[in-house]
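Input: a single structure, listed below in structure tokens.
Just so you know, all these numbers are worked out from the coordinates, no wet-lab data involved. Nothing here was measured: the structure is a model prediction, and the numbers come from that model. Here Cβ is always computed from backbone atoms with ideal geometry, including for glycine, and neighbour counts include all displayed protein chains.
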Amino acid sequence: MSKLKTTAADMVEAARDRIEEIETADLIGMVDDPDVVIVDIRDIRERQRTGAIPGSVHAPRGVIEFWVDPDSPYYKDVFGQEDKKYVFHCASGWRSALTVATLQDMGFQAAHLKEGFSTWADKGGPVEMIEKK
């Protein structure tokens, strides 16, 4: 395979340069804020294995652009709430950085959890376990 023009790490770095990043401790302080919507874009198996932030919305990475777009047949009302702060997260902050940069390009304002869920519990963040269905 020929060398890529841009690596995934380069894309994440470029995204992080232009989006809002939230530290874990700061998001822990926002968990009960009714004006904050925490969106977990990890795969359902990741959520079942390591748990989730209580009250977070699950929106798999592969569909998020369609769920956010009011003109899409897949639009979800949770993304149409006025005056809410949306904070997206994945496991390590890479997928969520790319997601938020893409959503910003679409005109949807959001931030992401800089370190992702990987340090959440260690830093005192609440976790709820997700049952397999």
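Annotations for the structure displayed:
- Here the dipole of the chain is about 720 debye; that uses its Cα centre as origin and unit charges on the Cβ of Lys and Arg (positive) and Asp and Glu (negative).
- Contact order normalised by residue count of the chain, Cα under 8 Å, 6+ apart, percent: 33
- The alpha carbon convex hull volume per residue for the chain rounds to 141 Å³.
- Flagged links, alpha-carbon separation over 32 Å, of Lys85/Lys132; Lys3/Lys132; Lys76/Lys114; Lys84/Lys123; Lys3/Lys84; Lys84/Lys132: Lys3/Lys132; Lys3/Lys84
- By DSSP, the beta bridges lying fully in region 20-119 are antiparallel in about 0 percent of cases.
- Region 66-125 and region 23-56: distance between their alpha carbon centers, rounded to Å: 10
- Stretch gain in nm, segment Phe66-Gln104, where the contour uses 0.36 nm per residue and the Cα spacing is subtracted: 12.3 nm
- Sparse-neighbour loop sites [trypsin sites (Lys or Arg not before Pro); region 1-33; at most 12 other C-beta within 10 Å; DSSP]: Lys3, Lys5, Arg18
- Burial ordering of Leu103, Leu113, fewest other beta-carbon atoms within 10 Å first: Leu103, Leu113
- With N the number of residues in region 10-58, Rg(Cα) / (2.2 N^0.38 Å) evaluates to 1.33.
- The amide H of Ala91, built 1.01 Å from its N in the peptide plane, has Phe117 as neighbours under 5 Å, considering only residues 5 or more places off or on other chains.
- Kirkwood hydrodynamic radius (C-alpha pairs) into Stokes-Einstein, region 81-133, 25 °C and 0.890 mPa s, D in µm²/s: 199
- The packing ranking of peptides 69-78, 55-64, highest mean first, is 55-64, 69-78, where packing means the average number of other beta carbon atoms within 10 angstrom of each residue.
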